[in-house]
Amino acid sequence: MMVRLVLALMMLSTAAFAMPTTQRFVLAAGANDGGADRVRLRYAVSDAGNFAAVMGQMGGVDPDNRVLLAEPDRAGFVDALHELGKRLEQVPPTVRSEVLVYYSGHADETGLLLAGERLTYRELRAQLDDIGADVRIAILDACASGA
């Protein structure tokens with residue numbers, strides 16, 4: 001009887017270790033096109049791709065949890081954030097969830113410039129606040145993004 005109890009406890013503890021304790025998600029967006037009044041960037045899209053790849057190779061982000069957007073417009077970027085939020089609803093409450101949003105492209109003092117459309121920093125912050133993750137990090141690789 002004691003042997004069965006020990007074996008059952010060992011199997012349960014092994015199963016517990018097999019379940020992930022943290023699940024990471026990445027939304028990486030690159031926008032070379034900031035609109036007609038902006039010089040077209042050369043590396044924003046490839047920078048976003050490289051960021052997503054590094055997060056997969058070294059950051060523990062599964063391929064299914066990485067989204068790469070190339071030249072999104074405002075609606076496409078916001079839709080991707082909403083979809084990310086839906087995916088996070090599927091994460092069990094016992095698993096820590098972490099979201100990294102990386103943007104490389106044009107910005108000004110008030111927001112991101114996506115194909116000539118503006119997503120204000122306030123709107124971006126509200127979108128991130130709505131995502132039900134334990135940790136939310138935004139990395140903005142853009143001019144004036146720190147303003």
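The values are calculated or read from the model by the stated rules, or taken from the named source; none is laboratory data. In this text, all values refer to a predicted model and were calculated from it rather than measured experimentally. All Cβ positions, glycine included, derive from the backbone under ideal geometry; neighbour counts span all protein chains shown. Please note that ligands, DNA and RNA were not included when accessible areas were found on the heavy atoms of the full protein model with its side chains. Shrake-Rupley method; radii C 1.70, N 1.55, O 1.52, S 1.80 Å.
A single member of Arg42, Arg74 is open to solvent by 40 Å² or more (accessible area, probe 1.4 Å) and either free of Cβ contacts under 8 Å to residues at least 40 places away in the same chain or closer than 20 Å to Gly132 by Cα (or both), and it is Arg42.
Being at pLDDT below 95, in contact with a Ser or Thr (Cβ under 7 Å, 6 or more places away or on another chain) and closer than 16 Å to Gly35 by Cα narrows it down to one of Thr110, Thr120, so name that one. Of the residues listed, the single one that is at pLDDT below 95, in contact with a Ser or Thr (Cβ under 7 Å, 6 or more places away or on another chain) and closer than 16 Å to Gly35 by Cα is Thr110. Can we say Asp141 is surrounded by fewer than 17 Cβ atoms within 10 Å (Cβ to Cβ) and either on the phi > 0 side of the Ramachandran plot or in contact with a helix residue (DSSP H, G or I) (Cβ under 7 Å, 6 or more places away or on another chain) (or both)? Considered against the rule, which asks whether it is surrounded by fewer than 17 Cβ atoms within 10 Å (Cβ to Cβ) and either on the phi > 0 side of the Ramachandran plot or in contact with a helix residue (DSSP H, G or I) (Cβ under 7 Å, 6 or more places away or on another chain) (or both), Asp141 comes out as yes. Residue count for the stretch 50-71 satisfying the condition of being in a helix (DSSP H, G or I) and either among the polar types (S, T, N, Q) or buried (at least 17 other Cβ atoms within 10 Å of the Cβ) (or both): 6. Residue pairs whose Cβ atoms lie under 7 Å apart, separated by 6 or more positions or on different chains, with the first residue in the stretch 111-140 and acidic (Asp, Glu) and the second open to solvent by 50 Å² or more (accessible area, probe 1.4 Å), are Glu117/Asp73; Glu117/Arg74; Asp134/Arg96. Residue pairs whose Cβ atoms lie under 7 Å apart, separated by 6 or more positions or on different chains, with the first residue in the stretch 47-59 and over 12 Å from Val101 (Cα atoms) and the second of a type outside the set (Ser, Thr, Tyr) and in a helix (DSSP H, G or I), are Gly56/Pro63.
Taking the residues in the stretch 72-113 that are assigned to a loop (DSSP other than H, G, I, E, B) and of a type in the set (A, V, I, L, M, F, W, C) as candidates, determine which candidate is nearest to Arg40 (Cα to Cα). Within the stretch 72-113, the match that is nearest to Arg40 (Cα to Cα) is Val91. Taken over the stretch 77-102, the criterion of being open to solvent by less than 70 Å² (accessible area, probe 1.4 Å), over 18 Å from Leu140 (Cβ atoms) and not hydroxyl-bearing (Ser, Thr, Tyr) is satisfied by Gly85, Leu88, Val91, Pro92, Val95. Being at pLDDT 95 or above and surrounded by 19 or more Cβ atoms within 10 Å (Cβ to Cβ) is a description that applies to Gly105. Among the residues of the stretch 16-35, some residue qualifies, meaning at least one is in a helix (DSSP H, G or I) and either modelled with pLDDT of 95 or more or open to solvent by 70 Å² or more (accessible area, probe 1.4 Å) (or both).
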